[in-house]
Each structure stands twice: as structure tokens, then as C-alpha cells.
1. Using a Cα-Cα cut-off of under 21 Å, which lysines could be cross-linked to LYS260, ignoring same-chain neighbours fewer than 8 residues away?
2. Compute the label zone of ARG34 within region 207-246: residues whose backbone N is under 20 Å from the point 7 Å along Cα-to-Cβ.
3. Can you give the extra length, in nm with one decimal, that the chain gains between ALA309 and LYS210 once fully stretched, where that is 0.36 nm per residue apart less the Cα-Cα distance?
4. Could you tell me the distance between the Cα centroids of region 58-95 and region 313-341, to the nearest Å?
5. Would you tally the net charge around GLN279, using a Cβ to Cβ cut-off of less than 10 Å, leaving GLN279 out, and scoring K and R as +1, D and E as -1?
6. Under 5 Å between amide H atoms, partner at least 5 residues away or on a different chain: which partners does GLY15 have, H built in plane at 1.01 Å?
7. Which whole-Hz ³J(HN,Hα) couplings does region 242-255 yield from phi under the Karplus relation 6.51 cos²θ - 1.76 cosθ + 1.60, θ = phi - 60°, glycine and proline marked x?
8. So, in nm, how far is label GLU256 from label ASN27 when the simple model puts each one 7 Å beyond its Cα toward the Cβ?
Amino acid sequence: MPPSEELIELAELAGLTLLEGEPVFSNGECKVWRVSFGAPFETFIADSKWGRDLAAKPELVGDDFISHNFRAARGVAAFLEETLEKDLPWVFLHILRASKGYMLHEALRSRGIKLVEVWIRPRYATRGYGDHTVNDVEIRASNFEALNALSSCGEVALIVADTVATGNTLARCLDEALRELRARGLRVAQLAAYGFVSIKGLARIPRLAKRACVVALENYTALAANRYDMPLYGLDRLLYERSGELRSIGGVTLLEVFEKMVADYAPGMDQPGDWSERQPLLESEGGLEAGNVRLHLERSLEALRSLRAATRKAPWYRKWMERIFDEREAALTSLLAKLSG
């Protein structure tokens with residue numbers, strides 16, 4: 001691993017912001033820091049081996065993907081148990097199809113926490129994978145019937161796990177959830193959001209609770225020009241492919257996290273990838289659907305090869321990055337070969 005001095009220089013050149021964080025939780029597997037960079041609510045970064053692997057290794061798919069998510073979520077669940085009010089009903093909002101893959105609901109249940117679960121199925125009206133430049137998000141279906149049992153409670157804690165790129169989907173879903181809660185005389189006393197979260201997406205999360213917090217996996221990501229790719233740091237791949245412009249983009253994290261991630265993360269790669277297709281099974285409004293693992297792997301390999309060629313032209317390029325590209329390409333091609341066999 002490169003020395004800290006080199007990584008600090010690399011971060012500065014590549015546009016990655018390294019913050020000083022306040023450690024607020026640690027259980028041996030997971031560490032959580034409070035960080036501050038202008039958001040109107042509490043912001044935290046959760047770090048674990050499992051979270052780093054999810055962010056850096058697009059070859060993690062299927063059952064391994066679910067297992068890693070559950071282990072990453074266990075520490076966050078323990079942190080939320082200390083953070084949220086235990087006397088409130090905990091309402092968990094599932095955003096279908098992808099959000100259940102974060103496994104936070106299962107991690108909370110494994111700690112004996114009772115959840116009132118509701119779901120909503122949004123969709124971008126005109127574009128999907130790889131392009132969220134159009135903001136229109138439509139709600140295809142929802143089910144909030146479980147809230148009926150809480151009508152006498154007054155206030156709830158609302159929890160959601162999702163990938164927050166532009167923030168448009170989460171904002172639309174939270175608005176819908178708030179409408180359903182109000183229709184039953186309920187208010188949101190606390191809001192907790194968890195997942196891969198971009199800096200720009202963070203700004204779109206509505207302030208609908210007296211107290212709100214966001215727990216990001218490993219970093220608050222950059223957001224590429226397609227408003228979809230969420231790299232830790234690197235080049236804006238599609239911008240380069242379309243115009244030849246070498247634009248470096250970077251998120252926000254801590255030096256301690258960057259030091260651990262940099263050995264496995266190929267610069268510029270979208271950390272969540274196609275979150276839906278990485279999963280073996282997805283729950284949609286019509287029932288269970290199989291994730292298209294092969295499609296995610298093929299898209300990741302294509303992006304990786306494009307980024308490798310572009311990254312060699314970046315002013316912050318380092319020769320040790322070649323090993324990372326080699327390892328990620330070998331893992332992706334090996335898994336694709338197994339699927340073909």
C-alpha cells in the first residue's frame with residue numbers, strides 16, 4: 001500500500017476530500033464516524049471489511065453479495081439501535097426492487113428489533129441503467145397497509161436503505177411515505193437513511209423529521225455526468241468516452257478508510273454498480289425476480305477496461321494502479337467464464 005503522504009497527495013490531485021471524523025461507534029467489525037461537510041442533518045460514514053469489498057469489488061454478486069451486505073449492515077444496525085429512540089415504532093420503508101439487497105432490515109431483525117415494514121416501487125419514467133439525467137420518477141405501486149396498526153402512536157422512526165445517486169428517487173419515495181403517514185395521523189420523529197450516498201444526492205434528502213441522520217457506506221461518493229456512476233475517486237468515464245475530456249471527480253471520506261480501500265478499488269468505477277442485478281433474487285410489485293448477474297458483470301468489465309485506458313492519461317495516475325485493474329479484470333472474467341460453463 002502506498003504511504004499516507006502519497007495518498008493525501010493523490011486525493012488532492014484527484015478531487016477526493018479527506019475529512020477528520022469523530023469516532024462514535026465500534027464493535028470490532030464495524031466503525032462509524034460522525035463527519036461534517038455542510039449537510040442539514042447528521043452525517044456518518046460506516047466502515048467495515050464487508051463494506052469496502054462491496055464498494056471495490058464488482059465481482060461480488062449473488063449469494064456472496066447478500067452475505068457481504070448482511071455482515072456490513074450488522075454493525076450499522078447495532079449503531080442505529082444506540083441512536084434511534086427505542087420507544088418509537090420503527091417503520092422500515094423498502095424501495096423496490098433494489099433496496100432489500102442492503103440487508104439492513106434483516107440485520108435489525110437479527111438484533112430482536114421489531115419492524116413495521118412498508119414498500120414502494122418507483123421507476124425513472126424515461127431512462128434507467130446508466131442514465132439518470134432525466135429527473136422524472138413515477139410510483140408504480142406501493143403498500144402502506146401495515147401503518148394502520150400505528151394510528152394511535154403519534155410518532156414513528158422511519159428507516160430506509162437505498163442507493164442515493166441523484167436523490168430524486170429517495171426524495172419522491174419519502175414524500176409518498178410522508179403523505180401515507182400523515183393520512184393516518186402519524187409524524188416522523190426520526191429519519192435514518194443508509195446505503196451508498198452521493199454528495200449531490202445527500203442534498204436532495206428532504207428534512208421531514210425533527211432528527212435525521214444518514215449513514216453512508218465507506219464514503220459519500222462523487223456523481224458522474226450521467227448522474228448514475230458513483231465513484232470514490234477517478235475519471236468521469238462516460239464524459240471521457242463521449243468528449244475525450246479528462247475530468248477527475250472525487251467524493252468525501254476519511255484517510256483511514258481511503259488507506260484501506262485504495263488497494264482494491266479501481267479508480268472511476270461505480271461503487272454500487274447495478275445494485276439490482278448483483279442480487280440473486282429481487283422483490284418487485286409482482287413477486288420475485290432473478291437478478292441479471294451476467295449483465296452486471298459484463299457492464300462492469302466494459303467500464304473497467306475503458307477506465308484503465310483513460311486513467312493512464314490522468315495527472316494523478318500511479319503505476320501501482322495497474323495491479324488493481326489486473327485483479328478486478330481477472331475476477332470479472334473468471335466469474336463470467338464460470339457462468340458460461
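1. List returned: LYS31, LYS49, LYS57, LYS319.
2. 207-220
3. Values: separation 99, 0.36 × 99 = 35.64 nm, distance 4.77 nm.
Here the segment from ALA309 to LYS210 would lengthen by 30.9 nm.
4. 29
5. Details: positive: ARG97, LYS100, ARG278; negative: ASP63, ASP274, GLU277, GLU283, GLU289.
Net charge around GLN279: -2.
6. Residues meeting the amide H criterion: none.
7. Whole-Hz 3J(HN,Hα) from phi for region 242-255: 8, 10, x, 6, 9, 10, 8, 10, x, x, 9, 7, 10, 4.
8. 1.7
Read the figures in this text as sums done on the coordinates, not as results from a lab. For clarity, every value in this text was computed on a predicted model and none was experimentally measured. For neighbour counting, all protein chains shown are included, and Cβ atoms are generated from backbone atoms with ideal geometry for every residue, glycine included.
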